[in-house]
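A.B. asks: Supplied in structure tokens, the structure appears directly below.
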């Protein structure tokens, strides 16, 4: 069960670029970034340029050894790009505010915008971060509004997306529900991966060995194909796990 959940998390990580686009945060405004994030963003742009150059050469029929010679990059890096193993997503730095963002958004909308006071209220709720984390968040929100932007958009971490997509809708806030709906509409292959993982877990619970072959056939063409291949290689153990009451 744990391996299946980990496989879905890996599928989410592979889809972060599409997720960012689906929830409307694919465009980064450097003016809304901290100094550290601006440095990260510059590195992200450099890697994106490198990836694009390599992919363009490959699409033109240039052999790997010639791509290495033309770009000056290592063969290993070129291979990772061509295999899709170097897909990069710039994401606003995840910090200790992650779980408090819905509360902060509500307070901000209600007009409570003093960073120090927000920090004090958060500490009463168990927040252990420093004052600077909260005041920096408030400053960025002010900048976003001053620039006539929508509220600062953040891409949740892959782990957060995986959790939101696998818990009951009744347990989600309105904003979380909207986020999940956007992801499901924009990244249908991730929905398929979730269903494949859920089917595997149901198969184990129900001890339904007859479902194993159809499941493998479906899973091999999904984002959790690596997990399916692992199950196929260890078929005897998986079959025993399904049949055994242990």
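A.B. asks: Could you put 137, 119 in order, starting from the residue whose Cβ has the fewest other Cβ atoms within 10 Å? Intermediate results must be reported in sequence, preceding the final value.
C.D. replies: Details: 137 22, 119 19.
Taking fewest neighbouring Cβ atoms as first place, the list is 119, 137.
A.B. asks: Sticking with this structure for a sec: Once label points are set 7 Å from the Cα along Cα→Cβ at both residue 42 and residue 59, what is their separation, rounded to one decimal in nm?
C.D. replies: 2.9 nm
A.B. asks: Report, in whole Å, the centroid distance computed from the Cα atoms of the range 174-221 and the range 108-139.
C.D. replies: First find each Cα centre; the distance between them is then 38 Å.
Taken together, the values in this text are just the output of simple stated rules run on the coordinates, not laboratory data. Because the structure is a prediction, the values reported are computed rather than measured. Quick reminder, even Gly has a Cβ in these numbers, built from the backbone with ideal geometry, and neighbours come from all protein chains shown.
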